[in-house]
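Report on one structure; see the data block that follows.
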Amino acid sequence: MSTAAPEGGWRRLDPRTVLVTALVVAGVVAGAAIPVTLGLTRWLGLPAAVLWVLAAATLVIGTAAGADRVRWRRTRYRIGEERVDLHTGLLLVKRRSLARTRIRTVDLTANLMLRFLGLVTVRIGTGEQGGDTLELDPVTRAEGERLRRLLLERAATAPADGGHREGELAVLDPGWIRYAPVSFVAPMLGGAAAGAVLQISDWVGAQGEVIEWVGDRFRDTPPLWTITALVLAALVAGVVGALGLWIEMWWNYRLEREPGGTLRVRRGLFTSRSVSVEEARLRGVDLVQPLGVRLLGAARLDAITTGLAKDHEARNADHNSLLPAAPRHRADTVAADVLREAVSPTGAPLVRHPRAARGRRLRWSLAAVLGPVLVLTALGALLKPVLLWIALGCTAVLAPVAVALALDAYRGLGHALSGRYLVTRSGTARRSTAALERTGVIGWTVRQSVFQRRAGLLSITATTAAGGGAYTVYDTGAAEGLAFAAEAVPGLLEPFLEHVATPGQ
């Protein structure tokens, strides 16, 4: 357990951090030991290779545990009345401090080993882009919960609830797992699995045998069917991996509104995660629909907040996700509850964009397909006629797909004003419907290329300190786009429009 101390006194991390480090390093070393042993056996023989690997493993594990022991001895933290202090380091002592009034995030994470020991990693942040973060790794779960409540407590009362309850806003429906295989993760994991098989077989010197074994299985099979079977096998592996990843990330999911105006997301099977989002920093929501998920009528809900953590681990953990892929009506309901609105602005009727925007998407999509086809055609005419048939096949298959995607992208364009929010939608492979609080807009960026000018179109971007920092209305009519921006945030764009419209100024 963490060394006890009065409030305001210095505390240490949990001493079991040394055990955690030793076990984690031992697991990594065990995973690397087999291929290393097999590799050394070629030169040293099996007994000598095993002895060398055991000696090296002992040295690595001991060194890591010793270094972590020193880190534990030299790390202490203090929760003062006004500041949180963290001191660490042996030769070069680091003294870091955060004002409690600036603290906006206290997130708890625990992998399987930490959960087994009743420990968590606590990350305390200011909620600012590039802001400082203090990490306490690890403390007991009780201490982590105490720190989260203590540092996030606010004297101010929560916003007017508008009839929206505190407590549970959403809980996991196991049926949502059906959306995992249709994400882009499945083919990526399938390709990674195929690459891993080849890499591991190369490590043990058996890559040739693996390729020969696969060749024997398809010796009498036409090449097209062979490729199809291998791709299907990789996709099956990817689907299994996607299902496992979804279970690991979203099992035990729960979205709650806590007293004082804090949204808390808890999830994770082996690695548990707890992310807190102050409603005071919430500037809207983003309804995200990857193509496969959208075809099944589902959507994921992300928070648009000021200064949500952007470190490497946060990005990998979908740090801003409030709801996994779920039926669209459920996502809209949760969005309304999160925003304390009767109806979610993400479901508001949108203004359609001019037909010239459709033409631009058709031209770009066809150019992306026909460009390589023209290269193949030229090479076929100059070198091998078979390339002409390949070009013809690519055109027959890819051109209709390009047209369909272009038309879908055009249908996905739209914008609207819905109460306190401006709404913009775009994308086809990843469709995003962002509802951004109008008071969160700090500026506008208007872009108009030569081709857009000829078509009477422009793209206008709302800049904000929240979320991705910019939300764009693509290829809207010039007059409609400027009027939309002027109405969304009165007084912000008009001076520039007047300056442009008045000659000589």
I'd like to check which strands (runs of 3 or more DSSP E) are fully inside segment 74-133 and have at least 2 residues that are among the aliphatic types (A, V, I, L, M), in contact with a helix residue (DSSP H, G or I) (Cβ under 7 Å, 6 or more places away or on another chain) and under 23 Å from Arg266 (Cα atoms). 105-110, 119-125
Does at least one position in segment 248-257 carry a residue that is polar (S, T, N, Q) and closer than 24 Å to Leu436 by Cα? no
For segment 371-421, which positions are open to solvent by less than 20 Å² (accessible area, probe 1.4 Å) and in contact with an Asp or Glu (Cβ under 8 Å, 6 or more places away or on another chain)? Leu413, Tyr421
Looking only at segment 29-49, decide whether some residue is assigned to a helix (DSSP H, G or I), of a type in the set (Lys, Arg), touching a strand residue (DSSP E or B) at 6+ places or on another chain (Cβ under 7 Å) and open to solvent by 40 Å² or more (accessible area, probe 1.4 Å). no
Boolean, Thr476 is open to solvent by less than 30 Å² (accessible area, probe 1.4 Å), β-branched (Val, Ile, Thr) and either out of contact with any strand residue (DSSP E or B) (no Cβ under 8 Å at 6 or more places or on another chain) or in a strand (DSSP E or B) (or both): yes
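Right, Trp52: open to solvent by 100 Å² or more (accessible area, probe 1.4 Å), part of a helix (DSSP H, G or I) and out of contact with any Leu (no Cβ under 9 Å at 6 or more places or on another chain) or not?
Details: open to solvent by 100 Å² or more (accessible area, probe 1.4 Å): yes; part of a helix (DSSP H, G or I): yes; out of contact with any Leu (no Cβ under 9 Å at 6 or more places or on another chain): no.
It is false that Trp52 is open to solvent by 100 Å² or more (accessible area, probe 1.4 Å), part of a helix (DSSP H, G or I) and out of contact with any Leu (no Cβ under 9 Å at 6 or more places or on another chain).
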Members of segment 460-488 found to be in contact with a Lys or Arg (Cβ under 6 Å, 6 or more places away or on another chain) and closer than 12 Å to Leu422 by Cα, listed by number: Ala488
List the residue pairs whose Cβ atoms are under 9 Å apart, where the first residue sits in segment 157-179 and is open to solvent by less than 60 Å² (accessible area, probe 1.4 Å) and modelled with pLDDT of 90 or more, the second is of a type in the set (D, E, K, R) and not in a helix (DSSP H, G or I), and the two are 6 or more positions apart or on different chains. Leu169/Arg254; Leu169/Glu256; Leu169/Arg257; Ala170/Arg254; Ala170/Glu256; Leu172/Arg254; Leu172/Arg267; Tyr179/Arg300
Selection within segment 180-190 - surrounded by 15 or more Cβ atoms within 10 Å (Cβ to Cβ) and assigned to a helix (DSSP H, G or I): Val185, Ala186, Pro187, Leu189, Gly190
Would you mind stating whether Ala142 is assigned to a helix (DSSP H, G or I), open to solvent by 50 Å² or more (accessible area, probe 1.4 Å), out of contact with any Ser or Thr (no Cβ under 8 Å at 6 or more places or on another chain) and at pLDDT 90 or above? yes
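So that you can scan it fast, the table gives a plain yes or no per residue for (1) touching a residue at least 60 places away in the same chain (Cβ under 8 Å); (2) open to solvent by 50 Å² or more (accessible area, probe 1.4 Å); (3) touching a helix residue (DSSP H, G or I) at 6+ places or on another chain (Cβ under 8 Å):
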position	(1), (2), (3)
Leu232	no, yes, no
Thr262	yes, no, yes
Glu278	yes, no, yes
Arg294	yes, no, no
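The values are calculated or read from the model by the stated rules, or taken from the named source; none is laboratory data. None of these values were measured; they are calculated from a predicted model. Cβ atoms come from the backbone with ideal geometry, glycine included; neighbour counts cover every protein chain shown. Surface areas here come from the heavy atoms of the whole protein model, side chains and all, with no ligands, DNA or RNA. Shrake-Rupley method; radii C 1.70, N 1.55, O 1.52, S 1.80 Å.
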